[in-house]
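Attaching a single structure in structure tokens format; questions to follow.
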Amino acid sequence: MTDATGTTDPGTATERRSPLDEVHRAAGASFTDFAGWQMPVRYSSDLAEHRAVREHAGLFDLSHMGEILVVGPEASDALDYALAGKLSAIAEGQAKYSLLLARDGGVVDDLVVYRTGEDRYMVVANASNREVVAEELRNRTSPFDCEVFDESDDVALIALQGPDALEVLQQTEGFGVQGPGNDDEDFDAALEGLKYYRALAAEFDGEPVLVARTGYTGEDGFELYLSPDRAARLWEALRETGGPRVVPCGLASRDTLRLEAGMPLYGHELSRDILPVQAGLGRVVALSKEGDFVGRAAIEQGPADGAPVLVGLTAEGRRAPRAGYEVYDGDGDDARRVGEITSGALSPTLGHPVAMAFVAPDAAEPGSQLFVDVRGTRIAASVTPLPFYKRGA
Amino acid sequence: MTDRTDLQYTEEHEWVKVDGETVTIGITDYAAEKLGDVVYVDLPAAGTAITSGTVVGEIESTKSVGELFAPVDGEVVESNQAVVDSPELVNSDPFGEGWLLKVTAASLPKLLSHDEYRALTGE
């Protein structure tokens, strides 16, 4: 059941549960409230889960994410107008990271958009922004010949991330490429050839599954979109096939993984109060595309002089700067406050604290020495190019 | 293995073990699990005077920061260097090797019994 009519409003329910909820409870997961969903924060150890993704593979339940379809002869034109990127330029089977901008250029949400057909797109939104994205897409695309369907309740999402992800997925039984006469070998070959930010229409257990080579961890990996009633079966199949190589991972490790990979998190590095260029996402906005799009005028004008910009920070020791901590240009009483931390953690892979912060442009030069107020103590931190971690070739 | 029913507890999820005038302090398994993987522990040095109810240390995990409240008035005689070097001991053995402070205390405030603490955490 879709809520294309806008009559249902599941976002107001306080404790939404994933189709994999029972599986997580049986596995002893700890839960956290995330955008109104009860989702696993960890199964046993954040650090072990983080390491599993860097060294072998981790399995994430991301069923809280929003999946919104835009379908119709003018779907590409509609999305070119509604979003910051040029979605008409991507081929069928391709994905693109994009932004939904407000008229004033602020970021309403960051998205991954999959072109699943000539006149068909799937827009994947953050759970917290699902309703606003669906609403904005409906409004913005209404002059075009296309329709918007919020399919979030009918789509489960499982991510398999890490250097062993490809092999595990190939070894998992029950997959085939979509269409008549498919078999397991076709699927294995198609997976092998699937490039980053490409997706493959496949089958699992006779039901459609979109297999995308995308992720939010800085590792190779896949995101698997499928019907909620097949989610538990796929989860168990991946665990059985992978054995000790596949570790179920909660949102805590997902956050430290994406932070090391320098990827923004909506509500931390991205918000309605910043223009994409301030967060280093200027290239995501396709100013070269023809015609108007929502936010264009504001983006062309650019941010105000002195508007803060996003930087990476690294520090020594073990005390991590955290979201909201203030950043200064010195450790004395006369130091100037230059910005604020948006995310931070002791990097499990690197062994020292890493953080992202919005700071004044004159403090943003790589190598600049800044200081973070960590609960009353000024800790030295250097401006460091993002990402902090990049996987080996 | 420490018998947890012999310990006393605080509402801030510390445990207290009384042995004459020496009081050993740690955080409970409940607190350790809520924090997640502990990656940094900051403890007061030996000789530091502590006052019940005040923040005397920090226990930081990958996700959050927990404050260590002094459960008693007293003076620190030893802080657990093993935990400072290997903060994961707080997770792996919170009632044993993961102890945090030894304190001399002249008197003890009213603390929670094991059953009262269990009722507090709903376990």
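Among what's in the stretch A:255-270 and is away from chain B (no Cβ under 14 Å) and surrounded by 17 or more Cβ atoms within 10 Å (Cβ to Cβ), pick the residue that is nearest to A:Thr217 (Cα to Cα). Quick ask: steps written out before the conclusion?
First, pick out the residues of the stretch A:255-270 that are away from chain B (no Cβ under 14 Å): A:261-264, A:266-267, A:269-270.
Next cut, surrounded by 17 or more Cβ atoms within 10 Å (Cβ to Cβ) only: A:261-264, A:266, A:269-270.
Values: A:Ala261: 6, A:Gly262: 9, A:Met263: 8, A:Pro264: 11, A:Tyr266: 15, A:Glu269: 16, A:Leu270: 18 Å.
Checked the stretch A:255-270; the qualifying residue nearest to A:Thr217 (Cα to Cα) is A:Ala261.
For the stretch B:65-79, check the following and say yes or no: at least one residue is within 28 Å of A:Ala320 (Cα to Cα) and in contact with a helix residue (DSSP H, G or I) (Cβ under 9 Å, 6 or more places away or on another chain).
Yes; the residues of the stretch B:65-79 include at least one that is within 28 Å of A:Ala320 (Cα to Cα) and in contact with a helix residue (DSSP H, G or I) (Cβ under 9 Å, 6 or more places away or on another chain).
While we're looking at this one, here's another question. Looking at (1) in a strand (DSSP E or B); (2) without any contact (Cβ under 8 Å) to a residue 60 or more places away in the chain; (3) away from chain B (no Cβ under 14 Å), which is the only condition A:Phe31 fails?
Looking at each condition in turn, A:Phe31 falls short on (3).
I would also like to ask the following. Does the stretch A:295-308 include one or more residues that are at pLDDT 95 or above, under 22 Å from A:Met263 (Cβ atoms), more than 14 Å from chain B (Cβ to nearest Cβ) and assigned to a strand (DSSP E or B)?
Taking every residue of the stretch A:295-308 in turn, none turns out to be at pLDDT 95 or above, under 22 Å from A:Met263 (Cβ atoms), more than 14 Å from chain B (Cβ to nearest Cβ) and assigned to a strand (DSSP E or B).
Now for a separate question. Could you identify the single residue in A:Ala286, A:Ala237 that is away from chain B (no Cβ under 14 Å) and more than 30 Å from A:Ile299 (Cβ to Cβ)?
Details: A:Ala286 fails: more than 30 Å from A:Ile299 (Cβ to Cβ).
Answer to the selection: A:Ala237.
Looking at A:Ala134, is it in contact (Cβ under 8 Å) with a residue 40 or more places away in the chain, aliphatic (A, V, I, L, M) and not in a helix (DSSP H, G or I)? Reasoning before the result, please.
Working: in contact (Cβ under 8 Å) with a residue 40 or more places away in the chain: yes; aliphatic (A, V, I, L, M): yes; not in a helix (DSSP H, G or I): no.
The answer is no for A:Ala134.
Got a number for residues in the stretch B:19-62 being more than 14 Å from every other protein chain (Cβ to nearest Cβ) and in contact with a helix residue (DSSP H, G or I) (Cβ under 9 Å, 6 or more places away or on another chain)?
Selection size over the stretch B:19-62: 3.
Looking at A:Glu326, is it closer than 21 Å to A:Glu269 by Cβ, acidic (Asp, Glu) and away from every other protein chain (no Cβ under 14 Å)? Steps first, please.
Working: closer than 21 Å to A:Glu269 by Cβ: yes; acidic (Asp, Glu): yes; away from every other protein chain (no Cβ under 14 Å): yes.
Spelling it out, A:Glu326 is indeed closer than 21 Å to A:Glu269 by Cβ, acidic (Asp, Glu) and away from every other protein chain (no Cβ under 14 Å).
Taking the conditions exactly as written (within 30 Å of A:Ser253 (Cβ to Cβ) and either away from chain A (no Cβ under 12 Å) or in contact (Cβ under 8 Å) with a residue 12 or more places away in the chain (or both)), does B:Val77 satisfy them or not?
Details: within 30 Å of A:Ser253 (Cβ to Cβ): no; either away from chain A (no Cβ under 12 Å) or in contact (Cβ under 8 Å) with a residue 12 or more places away in the chain (or both): yes.
In short, no.
Among the numbered conditions (1) out of contact with any Leu (no Cβ under 6 Å at 6 or more places or on another chain); (2) within 28 Å of A:Val309 (Cβ to Cβ), tell me where A:Ser227 comes up short.
Among (1) out of contact with any Leu (no Cβ under 6 Å at 6 or more places or on another chain); (2) within 28 Å of A:Val309 (Cβ to Cβ), A:Ser227 violates only (2).
If you don't mind, there's one more thing I want to ask. Filter the strands (runs of 3 or more DSSP E) completely within the stretch B:1-104 down to those with at least 1 residues that are surrounded by 22 or more Cβ atoms within 10 Å (Cβ to Cβ) and in contact with a Cys (Cβ under 7 Å, 6 or more places away or on another chain).
Values: elements: B:14-19, B:22-27, B:38-42, B:55-61, B:65-69, B:74-79, B:101-104.
Per the criteria, no element qualifies.
Of (1) touching a Pro at 6+ places or on another chain (Cβ under 8 Å); (2) outside any loop (DSSP other than H, G, I, E, B), A:Gly218 satisfies all except one. Which?
(2)
Only one of A:Pro143, A:Pro73 is part of a loop (DSSP other than H, G, I, E, B) and closer than 19 Å to A:Val294 by Cβ; which?
Values: A:Pro73 fails: closer than 19 Å to A:Val294 by Cβ.
On inspection, the qualifying residue turns out to be A:Pro143.
Give me the residue from the stretch A:96-131 that is among the hydrophobic types (A, V, I, L, M, F, W, C), farther than 20 Å from A:Asp154 by Cβ and not in a loop (DSSP other than H, G, I, E, B) and, out of that set, farthest from the chain's Cα centre (by Cα).
The first filter runs over the stretch A:96-131 and keeps only residues among the hydrophobic types (A, V, I, L, M, F, W, C), leaving A:99-102, A:107-108, A:111-113, A:122-125, A:127.
Going one step further and asking which of them are farther than 20 Å from A:Asp154 by Cβ, we end up with A:99-102, A:107-108.
Narrowing further to those that are not in a loop (DSSP other than H, G, I, E, B): A:99-101, A:107-108.
Details: A:Leu99: 12, A:Leu100: 14, A:Leu101: 17, A:Val107: 14, A:Val108: 14 Å.
Result: A:Leu101.
With the checklist (1) more than 21 Å from the chain's Cα centre (by Cα); (2) under 30 Å from B:Glu58 (Cα atoms); (3) of a type in the set (D, E, K, R) in hand, flag the one item A:Arg322 doesn't pass.
Looking at each condition in turn, A:Arg322 falls short on (1).
Still on this structure, please answer the following. For the stretch A:288-306, which positions are exposed (fewer than 12 other Cβ atoms within 10 Å of the Cβ) and more than 22 Å from A:Ser142 (Cα to Cα)?
Step one: filter the stretch A:288-306 for residues exposed (fewer than 12 other Cβ atoms within 10 Å of the Cβ), giving A:288, A:290-292, A:300-301, A:304-306.
Of everything in the stretch A:288-306, those that are exposed (fewer than 12 other Cβ atoms within 10 Å of the Cβ) and more than 22 Å from A:Ser142 (Cα to Cα) turn out to be A:Ser288, A:Glu300, A:Gln301, A:Ala304, A:Asp305, A:Gly306.
The values are calculated or read from the model by the stated rules, or taken from the named source; none is laboratory data. No experiment lies behind these values; they were computed from the predicted model shown. Methodologically, a virtual Cβ is constructed for each residue, glycine included, from the backbone with ideal geometry; neighbour enumeration extends over all protein chains shown.
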